[in-house]
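*Asks:* Dropping the structure in here first, questions after.
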Amino acid sequence: MAKDKKRNSPAPGPDPAPPGDHARCGFVALIGAPNVGKSTLVNALVGAKVAIVTHKVQTTRALLRGIAIEGAAQLVFIDTPGIFAPRRRLDRAMVATAWGGAHDADVVAVLIDAKRGVDTEAEAILARLAEVSQPKVVIINKIDLVPRPDLLALSAAVNARADFTATFMLSALTGDGVGDVKAWLASHVPPGPWHYPPDEISDAPLRSLAAEITREKLYLRLHEELPYRSTVATDQWKELKDGSVRIEQTIYVERESQRKIVLGKGGQTIKAIGADARREIAAVVEAPVHLFLFVKVREGWADDPERYRDMGLEFPKE
Ligand SMILES: Nc1nc2c(ncn2[C@@H]2O[C@H](COP(=O)(O)OP(=O)(O)OP(=O)(O)O)[C@@H](O)[C@H]2O)c(=O)[nH]1
Ligand SMILES: [Mg+2]
């Protein structure tokens with residue numbers, strides 16, 4: 001299954017039950033401040049890695065759908081970029097995209113980081129929820145990091161600020177409580193036929209996932225501003241006769257000095273990024289992968305409409 005198609009479930013096991021007359025299907029947007037664990041939760045709900053995760057803020061840049069089946073319901077989770085006070089054009093595009101994702105969903109799930117509580121960013125998001133007309137639930141994530149009694153106070157504080165149909169407390173990392181929210185959503189999304197084939201787990205083509213995986217490795221290896229000054233595109237995806245896949249990707253940076261850092265001394269950094277990415281992409285496509293990474297300086301890529309198309313973002317006029 002090395003083809004650059006949408007990704008199907010790698011999990012063995014019986015096919016999900018055919019939905020029949022009781023089928024339900026709904027879009028659930030996960031919104032919240034950067035780093036609260038939206039992508040980790042989407043992966044936990046889907047049961048496979050469809051979205052990249054890092055310890056850094058602003059990892060997710062565009063909407064991504066992760067698809068799960070729960071009983072007769074197909075749940076389409078929309079992972080969104082973190083919402084914060086945007087400054088640069090790319091920041092504005094990401095935040096506008098996140099709110100757009102919320103407005104297109106049947107249910108909006110607002111994530112709060114249990115450790116951070118209602119900080120300035122959470123406060124700003126909660127204040128804007130009155131504009132969201134869909135049913136809203138709040139998910140307090142990272143409960144593995146705080147004592148239980150603190151959670152009740154946080155739940156009360158959050159519910160005092162917005163009108164939520166339900167409150168969940170979970171750990172996307174350990175999986176504790178993830179099943180409960182999935183079951184609740186399965187019985188609350190609208191009745192109707194499934195939108196996707198039963199075995200589909202993501203709407204993203206493999207070439208986008210592969211670019212995201214490389215970007216994740218870049219975020220993990222590079223520090224400070226550099227990850228935010230770079231983007232990754234898959235330029236070539238070729239299946240070879242021997243069953244392996246040849247992939248060429250370009251990492252765009254804004255300046256020559258940044259290109260030097262991405263390459264590292266004697267090319268060490270790019271080599272390490274490439275090795276990490278290749279391993280993970282090969283596991284996803286279930287075939288040997290030859291990954292070729294190029295680093296290009298494109299001054300002002302963050303103001304170039306074409307890069308936004310690559311990333312799946314609308315290009316903000318200013
Ligand atoms: N301890 C703990 N860490 C978590 C949990 N969920 C997520 N994390 C960590 O929080 C960090 C951010 O996770 P992400 O899933 O990338 O967060 P996000 O909300 O998608 O972030 P952006 O895409 O930047 O908006 C990562 O280091 C995760 O491992 C959790 O339940 N417990
Ligand atoms: Mg994310």
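The values are calculated or read from the model by the stated rules, or taken from the named source; none is laboratory data. Just so it is clear, the structure is predicted and the values come from calculations on it, not from any experiment. In this analysis, Cβ positions are derived from the backbone assuming ideal geometry, glycine residues included, and neighbour counts consider all displayed protein chains. Surface areas here come from the heavy atoms of the whole protein model, side chains and all, with no ligands, DNA or RNA. Shrake-Rupley method; radii C 1.70, N 1.55, O 1.52, S 1.80 Å.
*Asks:* Of LYS271, LYS217, LYS38, which has the largest mean-square fluctuation in a 10 Å C-alpha GNM of the chain?
*Replies:* Comparing LYS271, LYS217, LYS38 in a Gaussian network model of the chain, the most mobile one is LYS271.
*Asks:* In square angstrom, what is the accessible area per residue of the chain with a 1.4 angstrom probe?
*Replies:* 46 Å²
*Asks:* At what distance in angstrom do the alpha carbon centres of segment 249-278 and segment 35-71 lie from each other?
*Replies:* 25 Å
*Asks:* Here's a follow-up. Pop a pseudo-label 7 angstrom from the Cα along the beta-carbon direction at both PHE292 and HIS55 and give the gap in nm to one decimal.
*Replies:* So the label points at PHE292 and HIS55 sit 3.5 nm apart.
*Asks:* Relative contact order (percent) for segment 78-225, with alpha-carbon contacts under 8 angstrom and 6 or more residues of separation?
*Replies:* Once normalised by length, the contact order is 18 percent.
*Asks:* Just how large is the dipole of the chain about the Cα centre, in debye to the nearest 20, putting +1 at every Lys and Arg Cβ and -1 at every Asp and Glu Cβ?
*Replies:* It comes to approximately 1000 debye.
*Asks:* Additional query: GNM, the chain, Cα, under 10 Å: largest mean-square fluctuation among GLN134, GLN74, GLN58?
*Replies:* GLN134
*Asks:* Which of GLY47, GLY300, GLY101 moves most in a GNM of the chain, Cα contacts under 10 Å?
*Replies:* Of the options given, GLY300 has the highest mean-square fluctuation.
*Asks:* Taking the Cα centre of each part, how many Å lie between segment 200-235 and segment 130-177?
*Replies:* Using only Cα atoms to place each centre, the spacing works out to 29 Å.
*Asks:* Within the chain, what whole-number % of the accessible surface is contributed by carbon and sulfur, with the 1.4 Å probe and all protein chains included in the calculation?
*Replies:* Working: 7680 of 14680 Å².
About 52 percent, which is the carbon plus sulfur part of the accessible surface.
*Asks:* Once you've got the Cα coordinates, tell me which of LYS142/LYS265; LYS56/LYS317; LYS238/LYS271; LYS115/LYS271; LYS38/LYS217; LYS142/LYS296 are over 29 Å apart.
*Replies:* LYS142/LYS265; LYS115/LYS271; LYS142/LYS296
*Asks:* Can you give the helix-only mean residue ellipticity at 222 nm for the chain, where every DSSP H stretch with n ≥ 4 adds -39500 (n - 2.57) and the sum goes over all residues, rounded to the nearest 500 deg cm²/dmol?
*Replies:* -10500 deg cm²/dmol
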